[in-house]
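Asks: There's a structure below that I have some questions on.
The values are calculated or read from the model by the stated rules, or taken from the named source; none is laboratory data. No experiment lies behind these values; they were computed from the predicted model shown. Ideal geometry is used to build each Cβ from the backbone, glycine not excepted, and the neighbour counts take in all protein chains shown. Protein only, heavy atoms only, side chains kept; ligands, DNA and RNA dropped before computing areas. Shrake-Rupley method; radii C 1.70, N 1.55, O 1.52, S 1.80 Å.
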Amino acid sequence: MKYFVWKSFYYGKKMFIWSIYLLFALYIYFLIYSSETLGAQLFFGSIGFVVLCIVGLFEHLKIVYEKMIYALNVHCDLEEAARLKEQLKRKDLFNGFKQSIIIFDSLLLLDAGKYTDCLAHLDKHQKFFHGTLDYLFIYYHTQMYCYSFLKDEKNLTIAFEKLFQLKDKQKKKMRGLFSWHEISGLQYFHQQRNQKCLQELALIDTARLNNRELSYLLYLQGHCLLKLNKPSEGNRLLKKARTIGNTLAIVQVIQNGGI
């Protein structure tokens, strides 16, 4: 039911936007048809053609962008996501998606297991990520996972501190990009407080997670259970993470001993 409502809203919005474009095209046609001079007809025709080309390109780029996000977050297909990203960059003549690509690259590098490269990317675009609270949250959240997989406990602790500082201020100005229970759970995991970790992770509403996010959650829960000497349940969750995670690097990490 929830999926049906979301789809109905999505396609309803699309139809509304294209209806506006159609009305604009009809209006331009009316202006051309009602103009008495050739100069006026050429003027209105040129204006209409340029505007429709620009909005047409923008709508096409939005479709490519949505496919790119879907490839990573739902299919967890890194190769397809990277291919669509390059296609978007190549066709984005006005750099309208430049900021989105910077964020997407950080997630793509993380999911590919290129943690050092990911940290370098974050550092390179540090000014951009510090531009809004949402971007800053993504910055430290991505750092958190990179340092976790690199077993860099010192910098991981700093990342946790930065994240919880964001939690304590201006909550109303931040969107719910990630779950605080996830962050607390990972912190407990690194403190060897595995039962507490599982309690925090159990509070996450999994219905709101995409497959990418769910893979990371199952991965962490599975390793917590293994550390608590519950191999049957732990391996079951890790197997599920491998299935959902498709080409994510954690699928390979699972087989090599975890975080």
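Asks: Would you point out the residue of region 79-100, among those that are among the aliphatic types (A, V, I, L, M) and over 16 Å from His60 (Cα atoms), that is farthest from the chain's Cα centre (by Cα)?
Replies: Once the filter is applied, the top-ranked residue is Ala82.
Asks: So for region 153-164 (the condition being modelled with pLDDT of 95 or more, in a helix (DSSP H, G or I), open to solvent by 50 Å² or more (accessible area, probe 1.4 Å) and over 30 Å from Asp205 (Cβ atoms)), does at least one residue qualify?
Replies: yes
Asks: From the list Lys227, Lys196, which one is open to solvent by 10 Å² or more (accessible area, probe 1.4 Å) and in contact (Cβ under 8 Å) with a residue 24 or more places away in the chain?
Replies: The unique qualifying residue is Lys227.
Asks: Can you confirm whether Leu136 is in contact with a Leu (Cβ under 9 Å, 6 or more places away or on another chain) and part of a helix (DSSP H, G or I)?
Replies: Against the criterion (in contact with a Leu (Cβ under 9 Å, 6 or more places away or on another chain) and part of a helix (DSSP H, G or I)), Leu136 qualifies.
Asks: All but one of (1) closer than 25 Å to Ile244 by Cβ; (2) without any contact (Cβ under 8 Å) to a residue 60 or more places away in the chain hold for Leu72; state the number of the condition that does not hold.
Replies: (2)
Asks: Can you name the residue in region 166-180 that is exposed (fewer than 11 other Cβ atoms within 10 Å of the Cβ) and more than 20 Å from Leu217 (Cβ to Cβ) and, of all such residues, is modelled with the highest pLDDT?
Replies: Asp168
Asks: Scan region 213-224 for residues that are open to solvent by less than 20 Å² (accessible area, probe 1.4 Å) and either touching a Phe, Trp or Tyr at 6+ places or on another chain (Cβ under 7 Å) or more than 24 Å from Lys154 (Cβ to Cβ) (or both) and jot them down.
Replies: Ser215, Leu217, Leu218, Leu220, Gly222, Cys224
Asks: Looking at (1) open to solvent by 70 Å² or more (accessible area, probe 1.4 Å); (2) more than 29 Å from Met68 (Cβ to Cβ), find the lone condition where Tyr188 falls short.
Replies: Among (1) open to solvent by 70 Å² or more (accessible area, probe 1.4 Å); (2) more than 29 Å from Met68 (Cβ to Cβ), the lone unmet condition for Tyr188 is (1).
Quick grid of which residues meet (1) open to solvent by 90 Å² or more (accessible area, probe 1.4 Å); (2) part of a helix (DSSP H, G or I):
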{"site": "Glu80", "(1), (2)": "no, yes"}
{"site": "Leu84", "(1), (2)": "no, yes"}
{"site": "Lys89", "(1), (2)": "yes, yes"}
{"site": "Gly96", "(1), (2)": "no, no"}
{"site": "Gln99", "(1), (2)": "yes, yes"}
{"site": "Ser106", "(1), (2)": "no, yes"}
{"site": "Gly113", "(1), (2)": "no, no"}
{"site": "Cys118", "(1), (2)": "no, yes"}
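Asks: From the list Arg212, Arg242, exactly one residue is modelled with pLDDT of 95 or more and in a helix (DSSP H, G or I). Which is it?
Replies: Criteria check complete, one pass: Arg212.
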